[in-house]
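Accompanying notes for the structure given below.
The values are calculated or read from the model by the stated rules, or taken from the named source; none is laboratory data. What you see is a predicted model, and the numbers here were worked out from it, not measured in a lab. Note that we place each Cβ from the backbone using ideal geometry, even for glycine, and neighbour counts take in every protein chain shown. Just the protein is used for accessible areas: all its heavy atoms, side chains included, with ligands, DNA and RNA removed. Shrake-Rupley method; radii C 1.70, N 1.55, O 1.52, S 1.80 Å.
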Amino acid sequence: HWALLSVSLLNCLLSTACSVGLALAIALTIHGRGMHLVKGCNSSALPADARAAIATNDCPFNTTRIYDTALALWFPSLVLAAAEAVLSGRCCLVALIFRGIGPCAHSYGKEQV
């Protein structure tokens, strides 16, 4: 029970931190119109909007679809990380009930689990 408690608590904290980091990255990317994504490109040919950026020789990667691709990958990752945090929190609660700790420890909840 202690292993379940410690692993689920650690996973819950890491998943929550990952969710917060992804939410921050999405917010900063949308607010900055994607210019943080092409910050390593020192070209005056890049427009103010990263969605309209073109591939140049000054940039180490192709900038044509980086804004849409980043957001398309980050949104599902945020949803999955948040779901993982919730499920890990529930596992932590179950481990607490098994150990006899918490509000549901001495009630019908322990027999139900």
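Among the residues of the stretch 97-109, those identified as open to solvent by 50 Å² or more (accessible area, probe 1.4 Å) and either modelled with pLDDT of 90 or more or assigned to a helix (DSSP H, G or I) (or both) are 98, 99, 108.
For the stretch 4-30, a residue qualifies if it is more than 18 Å from residue 88 (Cβ to Cβ) and either touching a helix residue (DSSP H, G or I) at 6+ places or on another chain (Cβ under 8 Å) or among the polar types (S, T, N, Q) (or both), and the qualifying residues are 25, 26, 29, 30.
When 83, 50 are checked against the criterion of being modelled with pLDDT of 85 or more and among the small types (Gly, Ala, Ser), 83 stands alone in meeting it.
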